[in-house]
Amino acid sequence: MSNPLTRRQFLGNSGKTMAGMAAGLSVLGPRSMLSSARAADANDRLGIALIGCGGMGRHKLGNFLDTKQVDVLALCDVDTKQMDEAEKMIAEKLKNEPAGQKTPQRFKDFRKVLDMQEVKVVIIATPDHWHAAPMLLACQAEKDVYVEKPCCHNVREGKAMVAAAAKYKRVVQVGTHQRSYEHIQAARDFVRNGELGEISATNTYTYGNESPDGLGSDPDSDPPASVDYNLWLGPAPERKFNKRRFHSSWRWYFDYGCGMVGDWNVHLQDIVMWTLDTPYPTSVCSMGGHYILADDRDTPDTMVTIYKFPPSKLAPKGHVHTYTLRKASGKPWHKGGIGMDFHGTNGFLHMTRGGWEVEPDLEDWNRPGSEPRIDPVKEMGEYHKKDVEGHNVHVENFLECVQSREKPIASIEQHYTSVVACHLANVSLRVGRQIFWNHEKELCFMDEKMTIEDKEANKFLGREYRKGFELPEV
Ligand SMILES: NC(=O)c1ccc[n+]([C@@H]2O[C@H](COP(=O)([O-])OP(=O)(O)OC[C@H]3O[C@@H](n4cnc5c(N)ncnc54)[C@H](O)[C@@H]3O)[C@@H](O)[C@H]2O)c1
């Protein structure tokens with residue numbers, strides 16, 4: 001199938017050739033070494049660009065600027081107001097810095113950014129439906145990539161992204177920055193050292209209460225004058241503009257996002273799977289729906305997903321994982337409403353972005369007052385620690401890997417395994433039944449023995465792309 005979404009044919013200009021464009025990208029030369037101990041001078045700094053200048057894009061750009069190792073050479077957004085906001089943020093950040101930061105160029109078509117040879121790194125913070133195409137083309141253009149989570153809108157995109165990173169030897173970090181929190185690493189080590197014993201069950205949860213209105217019910221309208229709405233829609237189906245489906249709240253519609261399991265649980269699921277070194281579930285069953293919130297989202301406001309994982313070192317006979325999503329009932333609001341639990345033979349470990357704790361089981365379950373199986377106090381992390389900002393550390397890890405060419409802490413390969421688990425939760429919900437996942441074949445089956453392909457479920461491993469916005473083959 002011919003695919004118009006290539007770097008040489010610009011968005012919004014389908015069918016027109018781009019006069020004056022360079023015929024192709026030359027291979028970028030070796031990058032200058034940056035010293036993390038000092039602010040790099042203007043000649044040393046790494047040229048970066050931001051694609052998607054919304055809430056998280058600006059936050060992330062701030063983290064990159066904090067390293068004092070980068071020059072922001074380009075901003076790209078389909079909404080000029082968002083680029084204005086990013087420019088303001090940069091000016092504010094750099095107001096006390098010596099001169100030398102260049103004024104970023106502005107583009108609405110990300111492929112123009114990819115044609116800038118002096119841009120070595122791109123940050124992709126577009127809505128989920130617009131992650132894969134810029135990432136794939138950025139790899140082809142030999143840029144290193146920091147792409148926000150979930151890396152992809154569906155499983156097939158994720159697979160293509162892993163392949164592109166390998167083919168073009170790119171350093172790709174995904175924005176699952178919880179991996180960079182020191183206390184989460186300590187809690188992970190605690191479990192991995194066997195302190196909690198054998199693991200039989202894990203749990204993640206995201207609770208909140210947006211009832212009764214949720215996103216509300218604004219009517220469809222014309223898009224704001226600052227927005228190229230056709231480009232914003234990109235691969236998603238054509239429909240009239242509605243602000244509920246736009247900046248920030250797009251994530252609650254499957255056309256653009258993945259609901260709470262892809263938006264938030266991907267962080268939590270990732271830590272659980274990383275801790276247990278378990279790359280994939282074999283079976284997934286989600287139940288739930290859009291029960292309470294008075295809006296037209298098509299992702300659930302209530303859902304429970306049960307996963308079966310195969311044997312792993314800490315769970316020699318396998319383990320079950322549950323994920324609970326509630327958007328219309330916030331309680332119990334256990335230490336923030338978002339967290340991860342590990343259940344082992346020695347006790348229970350709970351962790352959040354704010355800390356972690358262990359509750360030991362007793363040596364004799366039937367005898368209150370018997371010895372605890374592990375020391376509950378000594379090993380515990382502290383809740384509500386002040387120093388829990390993982391974003392900067394995550395970005396620093398990425399920049400170090402851009403220099404060393406090592407794999408970053410949240411490499412695209414590792415993230416792919418967690419994001420697949422999250423996407424499968426949505427697939428099960430959408431087909432309304434348990435699905436069985438064959439990791440080798442990367443297909444869903446109807447039965448545990450994997451004899452009958454689940455054709456309906458497998459359709460949800462990809463998507464229909466709007467004409468002109470098909471996934472690029474790189
Ligand atoms: N790591 C985290 O903790 C975290 C937190 C929040 C969001 N995120 C992720 O960051 C991404 C962005 O989320 P957000 O909340 O900032 O969304 P947002 O809607 O605020 O911003 C997205 C921006 O991308 C722009 N955009 C859309 N299509 C584009 C295109 N083709 N080219 C260039 N720009 C385009 C939009 O106009 C908008 O300005 C999402 O993938 C989200 O899941 C990660």
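The values are calculated or read from the model by the stated rules, or taken from the named source; none is laboratory data. Worth saying up front: this structure is predicted, and the values here are computed from it rather than measured. Glycine gets a Cβ as well: all are built from the backbone with ideal geometry, and neighbour counts include every protein chain shown.
Among the residues of segment 176-215, those that are within 17 Å of H267 (Cβ to Cβ) and aromatic (F, W, Y) comprise Y181, Y205, Y207.
Among the residues examined, E396 does not qualify as modelled with pLDDT of 95 or more and either surrounded by fewer than 17 Cβ atoms within 10 Å (Cβ to Cβ) or of a type in the set (S, T, N, Q) (or both). I need the full set of residues from segment 244-264 which are touching a residue at least 60 places away in the same chain (Cβ under 8 Å) and either surrounded by fewer than 18 Cβ atoms within 10 Å (Cβ to Cβ) or over 19 Å from T204 (Cβ atoms) (or both), in order please. Answer for segment 244-264, where residues must be touching a residue at least 60 places away in the same chain (Cβ under 8 Å) and either surrounded by fewer than 18 Cβ atoms within 10 Å (Cβ to Cβ) or over 19 Å from T204 (Cβ atoms) (or both): H247, S248, W250, F254, D255, Y256. Determine whether T275 is buried (at least 18 other Cβ atoms within 10 Å of the Cβ) and assigned to a helix (DSSP H, G or I). Spelling it out, T275 is indeed buried (at least 18 other Cβ atoms within 10 Å of the Cβ) and assigned to a helix (DSSP H, G or I).
When E148, E157 are screened for being assigned by TED's automatic domain parsing to the domain that holds K407, touching a Lys or Arg at 6+ places or on another chain (Cβ under 9 Å), within 11 Å of the ligand (Cβ to nearest atom) and of a type outside the set (A, V, I, L, M), only E148 passes.
The single condition among (1) closer than 26 Å to V272 by Cα; (2) exposed (fewer than 14 other Cβ atoms within 10 Å of the Cβ) that F460 does not meet is (2). In this entry, G57 is excluded by the filter for residues that are surrounded by fewer than 23 Cβ atoms within 10 Å (Cβ to Cβ), at pLDDT 95 or above, within 20 Å of the chain's Cα centre (by Cα) and within 16 Å of the ligand (Cβ to nearest atom). I'd like to check something: does segment 425-435 contain any residue that is in a strand (DSSP E or B) and crowded, with 20+ Cβ neighbours inside 10 Å? Scanning segment 425-435 turns up at least one residue that is in a strand (DSSP E or B) and crowded, with 20+ Cβ neighbours inside 10 Å.
Filtering P235, P223, P212 for residues that are at pLDDT 95 or above and surrounded by fewer than 14 Cβ atoms within 10 Å (Cβ to Cβ) leaves a single hit, P212. Is it true that some residue in segment 194-207 is buried (at least 21 other Cβ atoms within 10 Å of the Cβ), away from the ligand (no atom under 16 Å from the Cβ), among the aliphatic types (A, V, I, L, M) and on the phi < 0 side of the Ramachandran plot? Looking through segment 194-207, at least one residue is buried (at least 21 other Cβ atoms within 10 Å of the Cβ), away from the ligand (no atom under 16 Å from the Cβ), among the aliphatic types (A, V, I, L, M) and on the phi < 0 side of the Ramachandran plot.
Of T126, T80, T67, all but one fail to be of a type in the set (S, T, Y), within 16 Å of the ligand (Cβ to nearest atom) and either under 24 Å from V172 (Cβ atoms) or not assigned by TED's automatic domain parsing to the domain that holds V147 (or both); the exception is T126.
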